[in-house]
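Below is one structure, written out as structure tokens; comments come after it.
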Amino acid sequence: AEHPYLYTLTAHLQVGPNLWEAVSKHIGFRQVEVRGNQLFVNGSPVKLRGICRHEVHPLRGRSLTPELWRKDAELFREANLNYIRTSHYPPAEEFVQACDELGLFVEEEAPLCWVGHGANAAWQKEDPHGFQLREAILRATAEMIQRDRSHPSVIIWSLANESAWGPNF
């Protein structure tokens, strides 16, 4: 479970005899199952040891580089952690790819935060359970899943972080 095998998927866009574009991506497969109170990934029991990660650097702020994303994942692995919960926004694809390669598990947080929460002034006027928000919540969640569904490191999708739970979620 913590030593994934990644496959290289290559897609070609060809019009007649002309190759217009070729894109390669590492992908993986995983099976996540809960039996009783035990988590299994690819049939192996797993105990999650983790941390919540905000994407930030003391000098660069939120403007990280592929090397820094990779270094974060390596530092977590070296600290004997196997699980990272992302925060309020989808993580960089480069970070998720590093987690795939290093065998880390990721809980990917939907890009929805403070819906109906008192800390957000907008929700003092808007109804967080109103039907008008449903489409935005569904779209943001679907886009996140679409982007990262082929990453074997992503084993949990979460939503409604620090939000008022309701019918839209």
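The values are calculated or read from the model by the stated rules, or taken from the named source; none is laboratory data. No experiment lies behind these values; they were computed from the predicted model shown. A quick note on method: Cβ atoms are made from the backbone with ideal geometry, for glycine too, and the neighbour counts reach across all protein chains shown. These accessible areas exclude ligands, DNA and RNA; they are computed on the full protein's heavy atoms, side chains included. Shrake-Rupley method; radii C 1.70, N 1.55, O 1.52, S 1.80 Å.
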> Which Cα, out of N82, L104, N161, lies furthest along the positive dipole direction of region 50-169 (beta carbon charges, K/R +1, D/E -1)?
Replying inline: N161
>> What's the magnitude of the charge dipole for the chain around its Cα centre, counting Lys and Arg as +1 and Asp and Glu as -1 at the beta-carbon? Answer in Debye, nearest 20.
In response: 200 debye
> Using θ = phi - 60° and the Karplus form 6.51 cos²θ - 1.76 cosθ + 1.60, what ³J(HN,Hα) does each residue of region 85-100 get, whole Hz, x for Gly and Pro?
Replying inline: 9, 7, 10, 6, 7, x, x, 4, 4, 5, 5, 5, 4, 4, 5, 4
> L19 to L75: extension gain in nm, 0.36 nm per residue of separation minus the Cα-Cα distance?
Replying inline: 16.1 nm
> Is region 32-169 rounded, prolate or oblate when judged by the Cα gyration tensor, a ≥ b ≥ c being the square roots of its eigenvalues, rounded requiring a/c under 1.5 and prolate requiring a/b larger than b/c?
Replying inline: oblate
> Around E2, what is the net charge, scoring Lys/Arg as +1 and Asp/Glu as -1 over all other residues with Cβ under 12 Å from its Cβ?
Replying inline: +2
>> With a cap of 12 neighbouring Cβ atoms within 10 Å, and only residues DSSP puts in a loop, list the chymotrypsin sites (Phe, Trp or Tyr not before Pro) found in region 13-86.
In response: F29
> Using alpha carbon centroids, what distance separates region 64-93 and region 1-44, in Å?
Replying inline: 19 Å
> Ignoring any ligand, DNA or RNA, what whole percent of the accessible area of the chain comes from carbon and sulfur when the probe is 1.4 angstrom?
Replying inline: 55 percent
>> Please compute the per residue accessible area over the chain with all protein chains in place, 1.4 Å probe, rounded to a whole number of Å².
In response: 60 Å²
>> Need one word for region 45-116: rounded, prolate or oblate. Basis is the Cα gyration tensor (sqrt eigenvalues a ≥ b ≥ c); a/c below 1.5 gives rounded, then a/b vs b/c decides.
In response: oblate
> If you keep only loop residues by DSSP, which trypsin sites (Lys or Arg not before Pro) in region 64-169 have at most 16 other Cβ atoms within 10 Å of their Cβ?
Replying inline: K125, R149
> Want the number for R62 to K47: 0.36 nm per residue separation, take away the alpha-carbon distance, what's left?
Replying inline: 2.4 nm
> Length gain on complete extension for the stretch A11 to H117, per 0.36 nm per residue less the alpha carbon to alpha carbon distance?
Replying inline: 33.9 nm
